[in-house]
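Accompanying notes for the structure given below.
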Amino acid sequence: RPGLPNDIDRWFERTARREDRTVSLYSCLLTGRLFAYFRYRMRFVLVLDTSRFVIHVAEFLIILTALGGLAAFTVMILRVGSLIVSGAWWGLLEVMRERLREYSQGGDSEAVEREIGSWMVLSVIVAVAVTIFGGVVLAVLLPSDHDFVGHLYAFLVVIELALRLPVRVLHSGMFATRRIY
């Protein structure tokens, strides 16, 4: 039936419309429209980071009003420290990602599994050490003024960091093996 669009024609039309919406860095550099490029590339990152910032501000205000000065300060220092340690762990996992890319390109799936498994064991060991060390430090350094909620919240920040380490290994492994060009 000539003249009637079929599924393939509609697919080509949708793909062409999508291609027209993409913003090229090179064309934006040539035309001087860098703001359009940054808006296109950063739209989801800005929404996520803005919402994360609002949540952290709300968390800080709730902690400050509910726990008081020393407990709020301790929790915030632990929160910032956990973010730094988590970021450093993500950076250290670049060693694993690089090896995984090499193994994946070589088609060695057993080596990929061994590499992720060894990093997983390391992350669990580090997570247990972080939990024990964090618990001991919180018990020794924080005064026992019967602020159970503050102590519990601070320890939960340590637990969150400990749980984030193995999760980052899995995330990093998927990131490395699924994004090979």
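The values are calculated or read from the model by the stated rules, or taken from the named source; none is laboratory data. Computed from a predicted model, the values in this text were never measured in an experiment. Neighbour counts run over all protein chains shown; Cβ positions are idealised from the backbone, glycine included. These area figures cover heavy atoms from the full protein model, side chains too; ligands, DNA and RNA do not enter into them. Shrake-Rupley method; radii C 1.70, N 1.55, O 1.52, S 1.80 Å.
Observations on the structure shown:
- Note on Arg99: accessible area approximately 100 square angstrom, rounded to 10, probe 1.4 Å, nucleic acids and ligands left out.
- Highest-fluctuation residue, Leu29, Leu46, Leu70 considered, GNM on the chain with Cα pairs under 10 Å: Leu29
- Label corresponding to Cα extents along the principal axes in Å when calculated from the structure given, among (1) 53, 45, 39; (2) 82, 45, 38; (3) 52, 34, 33: (2)
- Amide hydrogen neighbours beyond the local backbone of Gly68, cut-off 5 Å, H modeled: none
- Among the protein heavy atoms of the chain, carbon and sulfur supply 69% of the accessible surface, probe 1.4 Å, non-protein parts ignored.
- Averaged over its residues, the chain has an accessible area of 72 Å² per residue, based on protein heavy atoms and a 1.4 Å probe.
- Highest mobility in the GNM of the chain, judged by mean-square fluctuation with C-alpha springs under 10 Å and restricted to Arg101, Arg39, Arg79, is found for Arg39.
- Spacing of the modelled spin labels on Leu70 and Val140, each 7 Å from Cα toward Cβ, amounts to 1.8 nm.
- Rounded FRET efficiency, nearest 0.05, which uses the C-beta distance separating Arg178 from Val121 and R0 of 22 Å: 0.50
- Length gained on full extension, Arg33 to Val85, computed as 0.36 nm times the residue gap minus the Cα-Cα distance: 15.0 nm.
- Comparing mean-square fluctuations of Leu48, Leu152, Leu78 from a GNM of the chain with C-alpha springs under 10 Å, the top value falls on Leu48.
- Modelled this way, with points 7 Å down the Cα-to-C-beta line, the labels at Val167 and Leu61 are 2.5 nm from one another.
- Pairwise FRET efficiency - Arg14 versus Arg41, Cβ, R0 = 25 Å, nearest 0.05: 0.70
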